[in-house]
1. Might you check whether a residue that is surrounded by 21 or more Cβ atoms within 10 Å (Cβ to Cβ), hydroxyl-bearing (Ser, Thr, Tyr), more than 30 Å from residue 110 (Cβ to Cβ) and at pLDDT 95 or above occurs anywhere in the range 259-276?
2. Of all residues in the range 202-220, count the ones that are modelled with pLDDT of 95 or more and either surrounded by 17 or more Cβ atoms within 10 Å (Cβ to Cβ) or among the aromatic types (Phe, Trp, Tyr) (or both).
3. Name every residue in the range 1-29 that is in contact with a helix residue (DSSP H, G or I) (Cβ under 9 Å, 6 or more places away or on another chain) and of a type in the set (Asp, Glu), in order of residue number.
4. Kindly list, by first and then second residue, each pair from a residue in the range 270-287 that is assigned to a helix (DSSP H, G or I) to a residue that is modelled with pLDDT of 95 or more and open to solvent by 50 Å² or more (accessible area, probe 1.4 Å), limited to pairs with Cβ atoms under 6 Å and residues at least 6 apart or on different chains.
5. Is there a residue being polar (S, T, N, Q), more than 16 Å from the chain's Cα centre (by Cα) and farther than 22 Å from residue 15 by Cβ anywhere in the range 199-218?
6. Which members of the range 41-75 meet the condition of being in a helix (DSSP H, G or I) and open to solvent by 10 Å² or more (accessible area, probe 1.4 Å)?
Amino acid sequence: MQSPADRDVIVREVGPRDGLQLVKETLPTDTKLNWIKAEAEAGMIEFEVCSFVPPHIIPQFADARAVAGRALEEVPGIRVMALSPNIKGAEIAFEAGVHVMNYVLSVSKTHNEANVRRSREQSILDFAEIVKIRNADPKLKDIKIGVGLATALGCTLEGDVPEQETLKVLEEVLEAGADEVLLPDTVGYAHPTQVRSLFMKAIDLAGDVPIITHFHDTRGLGLANVYAALEAGAKHFDASLAGLGGCPFAPGATGNIVMEDLVFLLESEGLRTGVDIEKLRAARDIVEASLPGEPKHGRILKAGLPKGFEPASKLMAAE
């Protein structure tokens, strides 16, 4: 398996968390682990594996501790991440020993109230407190703290989200100590010009702190937005196998960009992802067999790789 240093870009599989959060059928823990293992065999090294939320809110994650713990033990070489929407969830993530604890708040104040039931200002204060908890305990020093700024590019409840508002919140979480920041198109409103502008400014503002993309393909612009972010200097990209997932507060916005198609785009552009597209098929087979009623998306594994296609990862590995 290639190390992160051998990759030009990093792709992160968010299906076990974001892809499953709206799925009513609960996947067995073993199935989730088999999915993660199959993608790791394909070369994936970053996974958001669960969310530490109360089971009565999202029953799918009742086994979150088991999934995170087993991923850490059974899948060597991967970076295990978990979403924690509040301080209690962050404390559980710290106890579990995940590599990255991802917090979430919304740039849209209305969306933040609907999603986590607190004001945006309170969410930022809570995030700063989580960073302080980590920093105060030497045993937690190796755990990174990420934060996702939901609705960074638009909101179904408020509509347009001004770029300067997103940059203002980005500056606040950077000051609070974020180790990485996700700027998601939560509801699939973004277009390439908007993405290019925001990411150029965000990457410049963040300096050495990674700025991560997370696009939905709700209106067919997911991969176009990826390319715009690439042009702006982005190096980290979220996606979900078969395009599973979506936001519960975005009617009709189901579907992250498809991991298989994302890898194909990046490799076609000469960028090493370290992920073997054909080997992703084994992981997709697990998902399709386990969730027969869920819509699956993606073109490249259906159409097949073009004749003579040589991925950048393979070409550069041979040099």
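1. Yes; the residues of the range 259-276 include at least one that is surrounded by 21 or more Cβ atoms within 10 Å (Cβ to Cβ), hydroxyl-bearing (Ser, Thr, Tyr), more than 30 Å from residue 110 (Cβ to Cβ) and at pLDDT 95 or above.
2. Within the range 202-220, residues that are modelled with pLDDT of 95 or more and either surrounded by 17 or more Cβ atoms within 10 Å (Cβ to Cβ) or among the aromatic types (Phe, Trp, Tyr) (or both) number 10.
3. 6, 8, 13, 25 - these are the residues of the range 1-29 that are in contact with a helix residue (DSSP H, G or I) (Cβ under 9 Å, 6 or more places away or on another chain) and of a type in the set (Asp, Glu).
4. 286/34
5. No, there is no match, as no residue in the range 199-218 is polar (S, T, N, Q), more than 16 Å from the chain's Cα centre (by Cα) and farther than 22 Å from residue 15 by Cβ.
6. 41, 59, 65, 66, 69, 70, 72, 73, 74
The values are calculated or read from the model by the stated rules, or taken from the named source; none is laboratory data. For clarity, every value in this text was computed on a predicted model and none was experimentally measured. Note: ideal-geometry Cβ built from the backbone for every residue, glycine included; neighbour counts use all protein chains shown. Note: accessible area is taken over every heavy atom of the protein model, side chains too, but ligands, DNA and RNA are not part of it. Shrake-Rupley method; radii C 1.70, N 1.55, O 1.52, S 1.80 Å.
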